[in-house]
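Each remark here refers to the structure printed beneath this line.
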Amino acid sequence: MDTKRNSIQFKVYGRYALFSDPITRPGGEKFSYQVPTYQALKGIVESIYWKPTLIWKIDAVRVMKRIQTESKGIRPIKIHPTKAGAINDLAYYTYLRDVEYQVLAHFEWNENRPELSKDRDENKHHNIAKRCVNQGGRRDIFLGTRECQAYVEPCEFGEGESFYDKYGTLDFGMMFHGFDYPDETGRKELGVRLWQQSMKDGIIEFDMPEDIKHRRIARAFGDKYEFKEFKEGVNFKIELV
């Protein structure tokens, strides 16, 4: 698979994962997709290294272990207890169990941040990102949700054996792809992307956000919405290599 010159490659693994559809996530029962979403993987990469100067793009993910699920009884805390005094409910969450993925990603400049143009040093950010991968990330890594802690290690995308090598094509149907945030699109709205996701021999090659056709607006913020401004020395620091 072709890699871009500012790509990073790593494996992420953990005991459990929960990649749920955000449309159904607010309900009491949560059920994981069979494979990670573009947005979940982007969140992992941003936990490894992120700056508002750049936007991470996920090129592909490779599923290394057999897809397995496990249901757990969870007692989520109620925000408003009932008159009877109960403070929690019983809900069943269905997780993916014993997961490992290889991820290939690269970054592009956030053109909606002209005030950060002085920080657009590709070599610097690429070197920092690779060091962060080697160190296991800058922030906590989790797989889809906070209780699913994970670990990151460097790897070569495609190395080793996957359970799905020579498995053929698996079609997962229409799935959530990701969010269109105002900071990245320049539009004063939050958008949702959906796409037809499939996996071939354990590898999912993602369409880029700008190529996704199925979109809808989740929330319009209106003309009064203001983008956060970054100022060097005030709320932004240009790091050295």
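Suppose only helical runs count, i.e. DSSP H with n ≥ 4. What mean residue ellipticity at 222 nm does that imply for the chain under -39500 (n - 2.57) per run, divided by all residues and rounded to the nearest 500 deg cm²/dmol? Write out the running numbers ahead of the final one.
Working: 3 runs with 28 residues, N = 241.
Taken over the chain, the calculation gives -3500 deg cm²/dmol.
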In a shell of Cβ-Cβ distance under 14 Å around Gly160, excluding Gly160 itself, what net charge do Lys and Arg (+1) and Asp and Glu (-1) give?
-4
Please label the shape of the range 120-226 as rounded, prolate or oblate, based on the square roots a ≥ b ≥ c of the eigenvalues of the alpha-carbon gyration tensor (a/c under 1.5 means rounded; beyond that, a/b larger than b/c means prolate, else oblate).
oblate
Could you pull out every residue, at least 5 positions away or on a different chain, whose amide H is within less than 5 Å of the one on Ala105? Hs are placed 1.01 Å off N in the peptide plane, and Pro or chain starts have none.
Ile8, Asp59
Using only Cα positions of the range 8-163, each an equal point scatterer, no hydration layer, compute I(q)/I(0) via Debye at q = 0.11, 0.13, 0.16 Å⁻¹ and quote the log10 values to two decimals.
-0.52, -0.68, -0.91
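Between their Cα atoms, which of Lys51/Lys118; Lys65/Lys166; Lys124/Lys200; Lys51/Lys124; Lys11/Lys231 are more than 23 Å away from each other? Provide the component values of the computation, followed by the final result.
Details: Lys51/Lys118 13 Å; Lys65/Lys166 14 Å; Lys124/Lys200 34 Å; Lys51/Lys124 12 Å; Lys11/Lys231 35 Å.
Table pairs above 23 Å Cα-Cα are Lys124/Lys200; Lys11/Lys231.
Rounded to the nearest 0.05, what FRET efficiency do Arg216 and Glu156 give with R0 = 25 Å and r taken as the Cβ-Cβ distance? Could you check?
On the way: r = 38 Å, r/R0 = 1.51.
Step by step, r from the Cβ atoms, then E = 0.10.
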Could you work out how much longer the chain between Gln68 and Thr94 gets when fully extended? Use 0.36 nm per residue separation minus the Cα distance between them, nm to one decimal.
8.3 nm
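Laboratory data are not the source of any read-out in this text; all were calculated from the coordinates shown. Everything numeric here is computed off the predicted structure, so don't read it as measured data. Every residue, glycine as well, gets a Cβ built from its backbone with ideal geometry; the counts of neighbours run over all protein chains shown.
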